[in-house]
Structures are given as structure tokens and as C-alpha cells.
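S.K.: Pasting a structure here, questions to come.
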Amino acid sequence: MKRNPSIELCRLLACLIVIGVHTSLSAAVNEHSWDTFRLFLNCLLADGVAIFFMITGAFLFNNDYCRLLKKTLKHIIIPLIIFSIIGFYCFDWLFDKQPLSLHIAASKYIDTFRTLLSWQNPISHSVHLWYLYVYILVILIYPLLKAFVDYLDADTNRTKIFLIGTFIFLIMNDISSNSLGTFSHHSINALVPASIEIIWGHILYKYQKIFTRKLAIPVSIFLFFSLNYLRECLKNKSCTKHIFPRPFS
């Protein structure tokens, strides 16, 4: 498949956003004020992983389910298992200087199994791999997502209702400080926003001619920045010591 330069640019921007959001400082200076420049940066450095999920949605629904399962097993699940086994026995020893004997104890295996049952990454020093667990869940429910996407594609009015409804839902979740959706980086809590963003990616790519018009591009940039500015203001107004939850930053 020939690479799309626009998609590759989006990948690059998403990479930079993810790096930036993990190195940027909080906009809050104290309990009553925040730094303007940091606020500006925080508005730009938002939702990098969400962009990756939308890119996934742009191409996901052209796949056969069996082929998709085999590809996920080969390129995601098997490497994740190998990495996790190495990390289980070695990471605490390498990074925390803990003896290897601690990882042979039965309690360690039991705790790891319990963590896996909640579909969270049980390996220390590798919390960044949460998105792989979410991606695996997305692939498992692919037939349901595919059926829903086909339902939306059959009627543009359904697509519009979905876009408006989910947009309002995500905004309400932000205003409620994540108490509405209770999104987090694991399990079903992450599957909901990931699925929404993947379907958004499919719709945006399908109707890319509409969203890439000359007027649509500056309007999209303005809305992106404005909404993130509102989110940062709400965060700093409600509680400067609390990290304002985003679906995936």
C-alpha cells in the first residue's frame, strides 16, 4: 500500500505530542495562578495517543477479521509476551536492585495473575505499554465495531449524530473532571474512548475531502487549541494539584 504523506505527518505530530506531554511542566504555578507560556504549551501537547487511535481507525475496517487476529498475534501479542517475561524477571533487578529470588516466589506469580485478570500491565517499569492491552481489546471486539461502522456508513445522518453525540459526551466528561466516563489507561475504561476515537478516524478519513478544505483546516486548528485551553483553565480553576484527566494524552 502506498503511504499517504498526510497520515505520516499526523504520525509525526502524534509522536512529538506524546514526547512533549511527558516532558512538559504543569501550567499551575501556585494555588491561584498559572504560567501563560506553560498553558500555551499544554494546549498544544494534548491527545497524542488519540491521534494514533484515529490513524488506526482510518485503515482498520478494511481488514478481514481472521487476518487481523493473525497479524495482531504475530506483531503485538507474541512480542508483548516475550518482553513481559523478560521484564517480570529482570526489570526490578536492573532498575531497583532487587534480588532475582523475589520473582521466583509464588506470591509474585499470584499478584501478576490477578493484575492480568483486570487487564492491566503487571510488569514494572513498563506502564507505557498500556496502549497495547487496549489495542488487543479493540481487535477482539472488531466484529462489533465493524458492524457499528457499517451501520453508520449506511446513513450520513447517523454519522452526524454519532459525531455530535460523542463529541458532547467527551466534553461533558472533561467538564466533570472525568467523573462521567472515568477513563483511565487500562481495561474497559480505556476501551470506550479508544473505540470512539477509532471510529472518528474512520469517519474523518472517509470524508477527508470535507475536512481538508481550506476553511476547515484553520477552523480545526482553532477548535483544537480553544478546547484544550478551556480544559486547562478548568483544570487549574478546580484544583491545581490535580492532573486533569484526558481520554489519552
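S.K.: Whether any residue in region 60-74 is of a type outside the set (D, E, K, R), open to solvent by less than 90 Å² (accessible area, probe 1.4 Å), in contact with a Pro (Cβ under 9 Å, 6 or more places away or on another chain) and touching a residue at least 40 places away in the same chain (Cβ under 8 Å) is what I want to check.
M.R.: yes
S.K.: Then there's this: Any residue in region 168-190 that's outside any loop (DSSP other than H, G, I, E, B): show its pairings with residues that are open to solvent by 70 Å² or more (accessible area, probe 1.4 Å) and among the β-branched types (Val, Ile, Thr) at Cβ separation under 8 Å, as long as the two are six or more apart or on different chains.
M.R.: 189/182
S.K.: Kindly provide the set of residues from region 123-164 that are within 30 Å of residue 96 (Cβ to Cβ) and among the polar types (S, T, N, Q), ordered by number.
M.R.: First, pick out the residues of region 123-164 that are within 30 Å of residue 96 (Cβ to Cβ): 123-137.
Within region 123-164, 124, 126 meet the criteria.
S.K.: Given the residues 81, 77, 86, which is the only one that is farther than 30 Å from residue 7 by Cα and either within 19 Å of the chain's Cα centre (by Cα) or assigned to a helix (DSSP H, G or I) (or both)?
M.R.: Step by step, each of 81, 77, 86 is checked, and only 86 is farther than 30 Å from residue 7 by Cα and either within 19 Å of the chain's Cα centre (by Cα) or assigned to a helix (DSSP H, G or I) (or both).
S.K.: I'm trying to understand the selection: among the residues of region 175-201, which are open to solvent by 30 Å² or more (accessible area, probe 1.4 Å) and under 16 Å from residue 7 (Cα atoms)?
M.R.: Correct list: 200 only.
S.K.: Being over 21 Å from residue 133 (Cβ atoms), part of a loop (DSSP other than H, G, I, E, B) and of a type in the set (Phe, Trp, Tyr), is that true of even one residue in region 147-167?
M.R.: Residues of region 147-167 over 21 Å from residue 133 (Cβ atoms): 147-167.
This time we only want the ones that are part of a loop (DSSP other than H, G, I, E, B), so: 154-155.
The next check asks that each one be of a type in the set (Phe, Trp, Tyr); those that pass are none.
The answer is no; no qualifying residue exists.
S.K.: I need the full set of residues from region 89-141 which are of a type in the set (Lys, Arg) and either surrounded by 15 or more Cβ atoms within 10 Å (Cβ to Cβ) or modelled with pLDDT of 85 or more (or both), in order please.
M.R.: Scanning region 89-141 gives 108, 114.
The values are calculated or read from the model by the stated rules, or taken from the named source; none is laboratory data. As the structure is a prediction and not an experimental result, all values here were calculated from the model. Cβ atoms come from the backbone with ideal geometry, glycine included; neighbour counts cover every protein chain shown. Only protein heavy atoms, including side chains, enter the accessible area calculation; ligands, DNA and RNA are left aside. Shrake-Rupley method; radii C 1.70, N 1.55, O 1.52, S 1.80 Å.
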